[in-house]
Every structure is written in C-alpha cells, then in structure tokens.
Amino acid sequence: MDEIMTLEEVAKYLKLKPQTIYIWAQDGKIPAAKLGKEWRFKKNMIDKWFNEHFEEKFLKFLEE
C-alpha cells in the first residue's frame with residue numbers, strides 16, 4: 001500500500017512551509033485529497049508530481 005502523508009509531513013518532505021502546501025492543495029496545484037477537515041497525500045503521487053514539476057521548471061538546463 002502507498003504511504004499516506006499528512007500536510008505537515010509533505011511540507012517537511014519537500015522542505016516547505018505547511019501553509020504553502022495547504023494553499024497548493026486548496027488550489028489543486030498538488031495532488032491531495034481532503035478527508036473531513038484534513039488533507040492527505042500519497043507519497044508516490046507527491047514524488048511523481050515533484051519530478052514532473054522539477055523537470056518542467058529546469059527543462060532548458062537539461063537540454064543544454
């Protein structure tokens with residue numbers, strides 16, 4: 001089973017502030033599910049999202 005992470009765990013994992021993760025989750029910018037009042041994240045989806053986001057932002061450097 002995929003590891004399920006809390007908002008705080010994702011923030012620590014990505015080295016960001018929890019408020020940033022909260023805003024991204026609300027805006028649909030990061031893959032997340034709201035269960036009741038709490039946000040939950042699948043670690044494998046966060047890894048995939050990060051890798052795609054990272055490559056998109058640095059594509060011009062990878063092409064050189």
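Rule-based calculations on the coordinates, nothing more; no lab input. Given the structure is predicted, the values throughout are model-derived calculations rather than measurements. For neighbour counting, all protein chains shown are included, and Cβ atoms are generated from backbone atoms with ideal geometry for every residue, glycine included.
Summing Lys and Arg as +1 and Asp and Glu as -1 over all other residues whose Cβ lies under 13 Å from the Cβ of LYS43 gives a net charge of 0. For the chain, the set of trypsin sites (Lys or Arg not before Pro) satisfying both a DSSP loop assignment and a count of at most 13 other C-beta atoms within 10 Å is given as LYS15, LYS29, LYS37.
Where does the chain land at 222 nm, in deg cm²/dmol rounded to the nearest 500, when only DSSP H runs of n ≥ 4 count, each adding -39500 (n - 2.57), divided by all residues? Walk me through the numbers before you get to the answer.
On the way: 4 runs with 38 residues, N = 64.
Computed mean residue ellipticity for the chain: -17000 deg cm²/dmol.
When you filter the GluC sites (Glu not before Pro) in region 1-49 for DSSP loop state and at most 11 other Cβ atoms inside 10 Å of their Cβ, you are left with GLU3. Once C-alpha pairs closer than 8 Å and six or more residues apart are averaged by separation and normalised to the residue number of the chain, the relative contact order reads 33 percent.
Straight-line reach from LYS48: taking Cα to Cα under 19 Å and skipping same-chain neighbours fewer than 8 places apart, the lysines in range are LYS12, LYS15, LYS29, LYS57.
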